[in-house]
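Single-structure report; data block below.
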Amino acid sequence: MEILLQLVFSGIALGMIYAVIAFGYQLTFATSGTLNFGQGEALMLGALVGLSLVGNIHGGPYLNYWLMIPVVIVFGALQGAVVEWIGVRPALKIKSEFGWIMSTIALAIIFKNVAENIWGKDDLTFPTPLSATPFQVLGANVQPMQIVVVLGALAMMLAVELFNRKSIYGKAVVATSNDRDAAGLMGINTSMVITFSYALSSATAAFAGVLVAPLTLTGATMGTSLGLKAFAVAIIGGLTSGMGAIVGGLILGIAETLTGFYISTGYKEVPGLVLLLLVLAIKPAGLFGKTAIKKV
Amino acid sequence: MNTIGKACIAAALMSWSLASMAAEPIKIGVSGPFTGGSAPMGVSMRDGVKLAVADINAKGGVLGRQLQLVERDDEAKNERGVQIAQELINKEKVVGTVGFINTGVALASQRFYQEAKIPVMDNVATGTIVTKQFVLPENKDNYVFRNAANDTIQSAMIVDEAVIRQKHTKVAILADSTNYGQLGREDLERALGVKGIKPVAVEKYNLKDVDMTAQLLKAKQGGAQVVLTYGIGPELAQIANGMEKLNWRVPIIGSWTLSMGNFIDNAGKNGEGARMPQTFIQDPSTPKRKAFIEAYQKAYKVDRIPSPVSAAQGYDSIYLLVAAIKQAGSTDGVKVREALENLSGTVDGVVTNYSKPYTHDDHEAIKSSMVVIGEVKNGRVALAK
């Protein structure tokens, strides 16, 4: 029982990391029907910028961990806006179906290479603000930082959802996501809304980066596999549902740790991806997604 | 013939005659990962090699010619290693190559040196099969030499440390999924088998894995008293940190890579006490070692060598190769190989004094008597007491 609980706890912490990145995919998909395939790299950049501020690699530390978070979020937002401006807007303007796929991937590769040149290719440790000593919950060990990851991720998703539902700007986002052309006719600056959604999605990824960095190692290559896993999560949960991201993330995270223990560590990643195939075959819109009707 | 053509021929003749006037340098390839998770080993090896070459060149080189290094970053990728091997052989026309940090890269690349009859000195890669890739009866001669403690030696020492010195009977093995980790795991299981011990858990992980809970829980559930590892720095640090997450404290004993800077730094206090076989520890125990450590620190402005073992073995590999070139009186690959197999006199190295290090059928310079057990202490590797 303790074992199962331990595996589930680790799976939850892992799954919430996936969920935050998956949530970022959904933010841009909702408004523009496009995805930023550089979500993993946005996370990596956020973590490395955070490391420069709180670590001692560039002559720091300049800030303490909690003060660094807002700086990193602002950086993430700017980075997302740049991606939208360079990579996505031109593709949307010429109504290209798929141009944004290559351009966001291209930007991701560029970001990774730039990061390799600034921070090196080696993995670095991220100073942790909390004690790493685990405490016991029902016989299983949990680190304080793991709790922070879960709570931080939930809080951030909640904040974004509240913003979208309650504020007038949020309503503009929702209107754009429902029908971009109609929203435009109603006087909403839809291209501004799309830029905003990209900024928001990269900001969430950057925030996720500094949350998870103390648990994992930080380095230029950390985003690639996380970004891909999170994409699977977004598909499993459905690209139109915030709830889907959380549930999808938890399913994948827990499936990985359970398979690793009960079946074989060599097959750790298989069940999650089998699930992805099943979802695509049976309910292509994802577990929580609405089926999109595409007019042709 | 037009004037341009004539000018070209004249220029070519001129440069050719100029080149023959000054003795051409002897080109030696250096292949290793200078970026990525294996970089501490690759960079230290390269820097050790550069130190040795600078020393030799300052004393007039060999056969009256200077040594020239051709450095290439193989990024620890097999396919890069293969490209580099071909480039060094066909384009750069190297006399020999030193390097190979990663067992997988070595196994993929060595074929080209073997076919070109050019000796290659593995100064870090430890997979047991590395020097056995081209042996009798299929191949008359083997061009692969090594001066690193191979996995057969290391796994026996790891098992001795765990089972005999520390008296553990329940062991778990955690190895990464690369050629290095899996070949090492086989050697470990074999060495445990000799002692009549079956590991309680044998687990695998991928490079860049961020969560080791499942693997460690299996080891813990099996009642392991010690964790034996085969992997490289960053993931080894994840293992040590993962043990803290589970609040599970047992000793870590593993292959020599536990001495890598990126393990020691990233694991921090969780890495303290980890033990591993070492051919060289950054400890000025002999005058030769003292001089080497000081020269390294001065040349590269570091206090702690990122991977002292790699630096020392890299340094020695050049001296072994140069001794052979000198004895052969030629840079011809076949003659250099024959000289390496019959080295007369001793080669004064940092790791040890090599006397008759190789024979025709034994291409391993390091014997188990030259290897000691090191321990991570205060962020450095020290001799284990």
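The values are calculated or read from the model by the stated rules, or taken from the named source; none is laboratory data. Here the structure is a predicted model, which is why all the values come from computation and not from measurement. Cβ atoms come from the backbone with ideal geometry, glycine included; neighbour counts cover every protein chain shown. Calculation scope for accessible area: heavy atoms of the full protein, side chains included, ligands and nucleic acids excluded. Shrake-Rupley method; radii C 1.70, N 1.55, O 1.52, S 1.80 Å.
Below are the figures for this structure:
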{"quantity": "So B:VAL163, is it in a helix (DSSP H, G or I), open to solvent by less than 50 Å² (accessible area, probe 1.4 Å) and touching a Lys or Arg at 6+ places or on another chain (Cβ under 8 Å)", "calculated": "yes"}
{"quantity": "Members of the stretch B:116-133 found to be within 21 Å of the chain's Cα centre (by Cα) and open to solvent by 10 Å² or more (accessible area, probe 1.4 Å), listed by number", "calculated": "B:ILE118, B:THR128, B:ILE129, B:LYS132, B:GLN133"}
{"quantity": "Among residues of the stretch A:1-54, those that are over 16 Å from the mean Cα position of the chain (by Cα) and either part of a helix (DSSP H, G or I) or of a type in the set (A, V, I, L, M, F, W, C) (or both), counted", "calculated": "19"}
{"quantity": "Tally, over the stretch B:339-379, of residues that are of a type in the set (S, T, N, Q), over 28 Å from B:ASN139 (Cα atoms) and not in a loop (DSSP other than H, G, I, E, B)", "calculated": "3"}
{"quantity": "Hits in the stretch A:246-284 - residues which are farther than 24 Å from A:LEU5 by Cβ and within 19 Å of the chain's Cα centre (by Cα)", "calculated": "A:LEU273, A:LEU276"}
{"quantity": "From the options A:ALA140, A:ALA77, A:ALA91, A:ALA108, residue that is surrounded by 15 or more Cβ atoms within 10 Å (Cβ to Cβ), within 12 Å of chain B (Cβ to nearest Cβ) and of a type outside the set (D, E, K, R)", "calculated": "A:ALA140"}
{"quantity": "Some residue of the stretch A:112-124 being assigned to a helix (DSSP H, G or I), at pLDDT 85 or above and away from every other protein chain (no Cβ under 14 Å)", "calculated": "yes"}
{"quantity": "Filtered residue count, the stretch A:184-229, keeping only those that are away from chain B (no Cβ under 14 Å) and of a type in the set (Ser, Thr, Tyr)", "calculated": "8"}
{"quantity": "Failed condition for B:SER369, given (1) over 20 Å from the mean Cα position of the chain (by Cα); (2) open to solvent by 20 Å² or more (accessible area, probe 1.4 Å)", "calculated": "(1)"}
{"quantity": "Qualifying position, being on the phi > 0 side of the Ramachandran plot and surrounded by fewer than 24 Cβ atoms within 10 Å (Cβ to Cβ), among A:GLY55, A:GLY33, A:GLY60", "calculated": "A:GLY33"}
{"quantity": "Residue list for the stretch B:71-93, restricted to those being open to solvent by 10 Å² or more (accessible area, probe 1.4 Å) and either in contact with a Lys or Arg (Cβ under 8 Å, 6 or more places away or on another chain) or assigned by the TED database to the domain that holds B:THR257 (or both)", "calculated": "B:GLU71, B:ASP73, B:GLU87, B:GLU92, B:LYS93"}
{"quantity": "Any hit, the stretch A:251-269, residues being open to solvent by 10 Å² or more (accessible area, probe 1.4 Å), over 23 Å from A:GLU97 (Cα atoms) and more than 14 Å from chain B (Cβ to nearest Cβ)", "calculated": "yes"}
{"quantity": "Pair list, Cβ under 7 Å, 6 or more apart: the stretch A:176-191 residue in a helix (DSSP H, G or I), other residue open to solvent by 80 Å² or more (accessible area, probe 1.4 Å)", "calculated": "A:THR190/A:ARG180"}
{"quantity": "Hits in the stretch B:186-218 (condition: assigned to a helix (DSSP H, G or I) and either more than 14 Å from chain A (Cβ to nearest Cβ) or at pLDDT 95 or above (or both))", "calculated": "B:GLU186, B:ASP187, B:LEU188, B:GLU189, B:ARG190, B:ALA191, B:LEU192, B:GLY193, B:VAL194"}
{"quantity": "Any hit, the stretch A:208-227, residues being surrounded by fewer than 21 Cβ atoms within 10 Å (Cβ to Cβ) and in a helix (DSSP H, G or I)", "calculated": "yes"}
{"quantity": "Wholly enclosed helices (runs of 4 or more DSSP H) of the stretch B:237-338 bearing at least 3 residues within 14 Å of chain A (Cβ to nearest Cβ)", "calculated": "B:261-267"}
{"quantity": "Single unsatisfied condition, A:THR133 versus (1) over 22 Å from A:GLU2 (Cα atoms); (2) touching a helix residue (DSSP H, G or I) at 6+ places or on another chain (Cβ under 8 Å)", "calculated": "(1)"}
{"quantity": "The listed residue being free of Cβ contacts under 8 Å to residues at least 60 places away in the same chain, surrounded by 20 or more Cβ atoms within 10 Å (Cβ to Cβ), within 24 Å of B:SER307 (Cβ to Cβ) and of a type outside the set (Phe, Trp, Tyr), out of B:ALA219, B:ALA240, B:ALA172, B:ALA201", "calculated": "B:ALA240"}
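Residues are listed down the side, and each one gets a yes or a no for (1) in a loop (DSSP other than H, G, I, E, B); (2) under 12 Å from the mean Cα position of the chain (by Cα); (3) under 18 Å from A:VAL82 (Cβ atoms):
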{"residue": "A:SER197", "(1), (2), (3)": "no, no, yes"}
{"residue": "A:LYS229", "(1), (2), (3)": "no, yes, no"}
{"residue": "A:ALA234", "(1), (2), (3)": "no, yes, no"}
{"residue": "A:THR240", "(1), (2), (3)": "yes, no, no"}
